[in-house]
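See structure below.
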Amino acid sequence: MSAQKLAIVTGGTRGIGLEITRQLRAEGYQVAATYHGNEDAARACSEQTGAQVFKFDVSDFAATQAGVKDIETRMGAVSVLVNNAGITQDSTLHKMTEAAWDTVIRTNLSSCFYMCRAVINGMRDRSYGRIINISSINGQKGQFGQANYAAAKAGLLGFTKALALESAAKGITVNAICPGYIATDMTASMKQEVLESIIRQIPTARMGTPQEIADLVVFLASDKAGFITGSTLTANGGQYMV
């Protein structure tokens, strides 16, 4: 693979995103990892992986357009886009605020449109691109207290299929990955009894690792996956089979 290929990973300085950044760098990609607020994590990501980090809000259309332009000016044309940024603001619907709905939809779903809109014309001009959207098991099956999150993650799957149809003839593949429960700092902070109850629902009797999700991203970004588009890869230990 040419070392000149550039990948953008949104939310690429922490959690699953950090491991995606790390493994893409190990495969020889240039990587631009975006982040929103955690300066310490961004600095550590850059030092550990050699990726360049860029701070902007992916839930803001103007910010994404300016941010991607800055990345391209500094690093070149974008070959791979990994839409990984996401947040949760959980609440049952009868208690959910408008702000909690809007913030999660903008960050988890609208950001995918914003980022794709910023790179798609360049990919079409070059007749090459890889777009990988990180959805969730909860976008497939739903989850109590996550109407906003589940709606956003389910929306990514429809978006993926539509953009795949529009882009296939231009040499651009668009795919989604739906992780199940992954061992990250976020899950590590959960109460032990909650964690154990989740693991009991997983046939493999364990959570996944960030590395396992990053492996799928590296594959979908590669030339080996050139005939795969509009697909959803599930990685959930058998917890939800589709």
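Couple of notes before you dig in:
- Net charge of Cβ neighbours under 11 Å - reference Ile198; Lys, Arg +1; Asp, Glu -1: +1
- Computed over all pairs of different Cα atoms, the Kirkwood value for the hydrodynamic radius of the chain is 18.0 Å.
- Selection of chymotrypsin sites (Phe, Trp or Tyr not before Pro), the stretch 145-228, meeting DSSP coil and at most 16 other Cβ within 10 Å: Phe227
- FRET efficiency, 1/(1 + (r/R0)^6) with R0 35 Å, evaluated for Met241 and Arg43 via beta carbons: 0.30
- When you filter the trypsin sites (Lys or Arg not before Pro) in the stretch 121-207 for DSSP loop state and at most 11 other Cβ atoms inside 10 Å of their Cβ, you are left with Lys191, Arg200, Arg206.
- Residue among Val194, Val217, Val53 with the largest mean-square fluctuation in a Gaussian network model of the chain, springs linking Cα atoms under 10 Å: Val194
- Stretched out straight at 0.36 nm per residue, the stretch from Gln192 to Asn121 would grow longer than its current Cα-Cα span by 20.9 nm.
- Modelled spin labels at Glu98 and Lys55, positioned 7 Å past Cα toward Cβ, are 3.1 nm from each other.
- Here the Karplus curve 6.51 cos²θ - 1.76 cosθ + 1.60, taken at θ = phi - 60°, turns the phi angles of the stretch 26-38 into couplings of 5, 7, x, 6, 6, 10, 9, 9, 8, 8, 10, x, 7 Hz, with x standing for Gly and Pro.
- Taking label points 7 Å from Cα along the Cα-to-Cβ direction, Ala62 and Gln4 give a separation of 3.5 nm.
- Cross-linked pairs Lys55/Lys170; Lys141/Lys191; Lys69/Lys170; Lys170/Lys224; Lys153/Lys224: Cα-Cα separations exceed 20 Å for Lys55/Lys170; Lys141/Lys191; Lys69/Lys170; Lys153/Lys224.
The numbers here are math on the coordinates, done by the rules we state, and not lab data. Computed from a predicted structure; not experimentally measured. Virtual Cβ from ideal backbone geometry, glycine too; neighbours counted across all protein chains shown.
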